[in-house]
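This report refers to the structure that appears directly beneath it.
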Amino acid sequence: MARYNDPGDGLNGNGRRVLTYADLRTRYRGVDGRPPSREVELHLTGNMERYIWGFNGKKFSEAKPIELKLGERVRIVLINDTMMDHPIHLHGLWSELENGHGEFNPYKHTVIVKPSERVSYLVSADTPGRWAFHCHLMYHMESGMFRTVVVS
């Protein structure tokens, strides 16, 4: 499940107020109010001992690109099956984090997915091209947690 109110390990109950994803909201309504036409579900997978990282158990060289049609609106669901946080970054397209604020959901380029967490966000495929989609921990990206998103 999504834990948008959880600030993360070591930050809860430490005497300070910590902002969480549940606190984020835009000042203005989102520009694309359409519901998503489909869902793309990806599991964040890896093995700390063997140092293998990927999406759906596959490293970049084994995976096909994620294809989106120009103008399409999709929901991307990330499920973290590992014991590490993964900041997932989608180049070229904005992500609207579904954190419960409806039309005022925040726009993000990078979404942090905590261990055993399920996070979803909406993407409007409004910019054609080949876009990088990867974990922003460079050593995870370089060892396989990388995909290409193609908008055409």
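Each Lys or Arg adds one and each Asp or Glu takes one away; over the other residues whose Cβ falls under 15 Å from the Cβ of Val150, this sums to +1. Note on the stretch 47-103 and the stretch 120-152: Cα centroid distance 7 Å, given to the nearest whole angstrom. The alpha-carbon atoms of the stretch 1-105, seen along their principal axes, cover 41, 41, 22 angstrom, with the largest extent given first.
Classify the stretch 97-152 from the C-alpha gyration tensor, please: rounded if a/c falls under 1.5, else prolate or oblate depending on whether a/b exceeds b/c.
Judged from the Cα gyration tensor, the stretch 97-152 comes out oblate (a/c at least 1.5, b/c at or above a/b).
Listed by chain and number, the lysines whose alpha-carbon sits under 18 Å from that of Lys69, ignoring those within fewer than 8 places in the same chain, form an empty set. Computed 3J(HN,Hα) for the stretch 97-108, one whole-Hz value per residue from the Karplus formula 6.51 cos²θ - 1.76 cosθ + 1.60 where θ = phi - 60°, is 4, 7, 10, x, 9, x, 4, 10, 4, x, 8, 9, glycine and proline marked x.
All of the numbers you see were taken from the coordinates with simple rules; none came from a lab. Remember, it's a predicted structure, so these values are computed and weren't measured experimentally. Neighbour counts run over all protein chains shown; Cβ positions are idealised from the backbone, glycine included.
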